[in-house]
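Engineer: The structure that follows is given in the form of structure tokens.
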Amino acid sequence: MTKFRTKLLIALITLIISVLIGLGILLGQLFKSYYLQSFNERLKVEKNLLSFYIEENGGVSAFKKQDVSKISGMLNVRATITDPQGKILYDSGELEDSPSNGLKQIIQDVIKKKIEQEDRFEEGDGYDLHYYWKALMKNGQKEGYIFLSTKTNELNQAYGQIWWILSISLGIALIVILYLGIRITSRYTKPIEEAANVAIELAKGNYRARTSTGKLDETGMLGTSINRLAMNLQELVKAQEMQQDRLTALIENIGAGLILIDSRGYINLINKGYIDIFHVNPKDYLSELYYEVMDQKEVCQIVAEVFRTEQKVRKQLLIPLNIERKYFDVYGVPIIGINNVWKGVVLVFHDITELKKLEQMRKDFVANVSHELKTPVTSIKGFAETLMDGAMNNQQTLEDFLSIILKESERLQTLIQDLLELSKIEQQGFKLNLQQVDINKLLDEVNDLLTGRAQAKHIKLEYNRLSKPVFINGDLDRLKQVFINLVSNSINYTPEDGHVEVVLQDNDEYVRIHVIDSGVGIEKEEIPRIFERFYRVDRARSRNSGGTGLGLAIVKHLVEAHHGNIIVRSDIGKGSEFIIELKK
């Protein structure tokens, strides 16, 4: 693409050359006309001078040839004098390379044809001749003619010199004007070119481009305006990018699935939350009709209802996802722009599965607590009423009933203490009393505490001690509570003549404690639920053993408070294995 500066310079040069050529031609013609007029006037004067001289010195019959020859030589002309009939009386001589037949022809034409014009110009090969004549008068009578002729070579030479001088002058002027034109165009077009380049960069999206502004003229104002425009565009783009980043971050991290459908039903946007929830490929959804790619009919019905009513729609749906069933709170919101222009629909999916689980857990907790409290209270009330009805008079019955009442009240007290303990552990401000704990020594103490209970059931309780201390950072009392609960459960759920084994393993980064029993075992589908409050694998055995159903829930919370893990392995009839991992 030709630059603006080049175009302007070419146009300027063309204009200047045209003006100079026209001016040169005009001046040449003016100089030529002036020089020719001067030449003719000189010859006329010379003609009149010679005729006056001849007439004053006696006319044609009395003039002196020496004087005429001398005068013609001085004037550098050929003087010829004839009588009225055209006979040549005197001729100062032929000019160099000029024939005389031309002069004779002119003399004959003048005398015979009586030409009123007193000059004639003739062109020859290599020369031009100019003739002037005048009648010589004496006493009012025509006495003869005087003819002057001269070559015009000098005139042509003068013409050549004039054109040469004009060419040189105009050439120099052209060079000077070109130099000044280049400087001027460069000075005034450079800011325009810079402004054009900056405008091109702005059109490409480079809003950091700037042009130099050094003058206070129009080009400087143009550069300043371009720079101000670029700055405004840069600020607008920055603001837009910031808003876009904020919007993108908000949409992608909203914590819910979001899908945007335009007014024609095509999907324009799905966020990361939707992709993670439904495990879909964005390429299969974008620019597709929603009812062709969405498998959930209930969701399609919500979109159709929003399109139909142009009102917000909210529903709770149970949607199967692979092998899971999840609850979603689905919002369908119409997008209406300026002047009530319909833009589309936004669908938001809030996963409320955990809330549903918590709600169900709350219901189960209330039901379980009511059931667990009802049993001992009912027993205490029943036995108390029986005693009051007269059974207290029988000493043996009185002692048996009071023993049962005491046992049930102790069980009720234990249940309340576990509830309070679990509530305390689950509080947000719960803190552990961390210290260096020798886990090897701690398990020795737990083994000593529970050996008597194991022997009462003829269960072999073993602890594989390590020869060296194993220190971890933990709460001594809470860790003791954890292992007492686990070993107690193993003893409770292991039949007589069984065995319970505690194994301690020391690794570089963590310690692992295995509590292994040969008890009744746990079904695989029940393993995820054994850490729930009041959940029992065998309710009759648990209740008979005095269990409250809260022990494993407490264990789980305390292990997690120590940033540890608990793993359960179990088979029906083969026993169970609880594995606790704690960081050293």
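Engineer: Out of the range 433-454, which residues are outside any helix (DSSP H, G or I) and open to solvent by 50 Å² or more (accessible area, probe 1.4 Å)? Show your work before the answer.
Structural biologist: If we filter the range 433-454 for residues that are outside any helix (DSSP H, G or I), which is where we start, we get 433-438.
Within the range 433-454, Asn433, Leu434, Gln435, Gln436 meet the criteria.
Engineer: Kindly indicate which of Tyr266, Tyr274 is among the hydroxyl-bearing types (Ser, Thr, Tyr) and open to solvent by less than 50 Å² (accessible area, probe 1.4 Å).
Structural biologist: Details: Tyr266 fails: open to solvent by less than 50 Å² (accessible area, probe 1.4 Å).
Step by step, each of Tyr266, Tyr274 is checked, and only Tyr274 is among the hydroxyl-bearing types (Ser, Thr, Tyr) and open to solvent by less than 50 Å² (accessible area, probe 1.4 Å).
Engineer: Across the range 566-584, what is the total count of residues that are free of Cβ contacts under 8 Å to residues at least 60 places away in the same chain and buried (at least 17 other Cβ atoms within 10 Å of the Cβ)? Lay out the reasoning, then the answer.
Structural biologist: Step one: of the range 566-584, the residues free of Cβ contacts under 8 Å to residues at least 60 places away in the same chain are 566-574.
Those left that are additionally buried (at least 17 other Cβ atoms within 10 Å of the Cβ): 566, 570.
Count: 2.
Engineer: Select, from Asp517, Asp497, the only residue that is in contact with a helix residue (DSSP H, G or I) (Cβ under 9 Å, 6 or more places away or on another chain) and either crowded, with 16+ Cβ neighbours inside 10 Å or at positive phi (or both). If you could, list the steps in order and put the result at the bottom.
Structural biologist: Values: Asp497 fails: in contact with a helix residue (DSSP H, G or I) (Cβ under 9 Å, 6 or more places away or on another chain).
After ruling out the rest, the residue left standing is Asp517.
Engineer: Continuing with this model, one more query. Only residues that are loosely packed, with under 14 Cβ neighbours inside 10 Å and part of a helix (DSSP H, G or I): list them for the range 278-287, please.
Structural biologist: Selection gives Pro282, Lys283, Asp284.
Engineer: When both residues are 6+ apart or on different chains and their Cβ atoms are under 7 Å apart, which pairs have a first residue that lies in the range 295-324 and is free of Cβ contacts under 8 Å to residues at least 12 places away in the same chain, and a second that is among the aliphatic types (A, V, I, L, M) and surrounded by 12 or more Cβ atoms within 10 Å (Cβ to Cβ)?
Structural biologist: Pairs that qualify, where the first residue is free of Cβ contacts under 8 Å to residues at least 12 places away in the same chain and the partner is among the aliphatic types (A, V, I, L, M) and surrounded by 12 or more Cβ atoms within 10 Å (Cβ to Cβ), are Cys300/Met294.
Engineer: If we keep just the residues of the range 455-472 that are assigned to a strand (DSSP E or B) and open to solvent by 80 Å² or more (accessible area, probe 1.4 Å), which is nearest to His499 (Cα to Cα)?
Structural biologist: Residues of the range 455-472 assigned to a strand (DSSP E or B): 460-464, 471-472.
Those left that are additionally open to solvent by 80 Å² or more (accessible area, probe 1.4 Å): 460, 471.
Working: Lys460: 4, Phe471: 28 Å.
Per the criteria, the residue is Lys460.
Engineer: Those residues that are of a type in the set (A, V, I, L, M, F, W, C) and modelled with pLDDT under 85, I need them from the range 560-571; list them, please. Working first, answer last.
Structural biologist: The initial filter retains those residues of the range 560-571 that are of a type in the set (A, V, I, L, M, F, W, C), namely 561, 566-568.
Selection gives Ala561 alone.
Engineer: Could you pull out the residue among Leu269, Leu260 that is closer than 30 Å to Tyr207 by Cβ and modelled with pLDDT of 90 or more? Break it down stepwise before answering.
Structural biologist: Working: Leu269 fails: modelled with pLDDT of 90 or more.
Exactly one of Leu269, Leu260 is closer than 30 Å to Tyr207 by Cβ and modelled with pLDDT of 90 or more, namely Leu260.
Engineer: Sticking with this one: I'd like to verify a number: residues in the range 203-235 that are open to solvent by less than 40 Å² (accessible area, probe 1.4 Å), within 25 Å of Arg187 (Cα to Cα) and at pLDDT 75 or above, how many?
Structural biologist: 6
Engineer: Take the range 473-494 and flag every residue that is open to solvent by 50 Å² or more (accessible area, probe 1.4 Å) and among the acidic types (Asp, Glu).
Structural biologist: Asp477 - this is the single residue of the range 473-494 that is open to solvent by 50 Å² or more (accessible area, probe 1.4 Å) and among the acidic types (Asp, Glu).
Engineer: Residues in the range 13-28: is at least one touching a His at 6+ places or on another chain (Cβ under 9 Å) and either at pLDDT below 75 or closer than 30 Å to Arg187 by Cα (or both)? Step through it out loud before you land on a result.
Structural biologist: Applying the first criterion (touching a His at 6+ places or on another chain (Cβ under 9 Å)) to the range 13-28 yields none.
No, the range 13-28 has no match at all.
The values are calculated or read from the model by the stated rules, or taken from the named source; none is laboratory data. Bear in mind the structure is a predicted one, so any value in this text is a computation, not a measurement. Please note: Cβ atoms are built from the backbone with ideal geometry, for glycine as well, and neighbour counts cover all protein chains shown. The accessibility values were calculated without ligands, DNA or RNA, using every heavy atom of the protein model including side chains. Shrake-Rupley method; radii C 1.70, N 1.55, O 1.52, S 1.80 Å.
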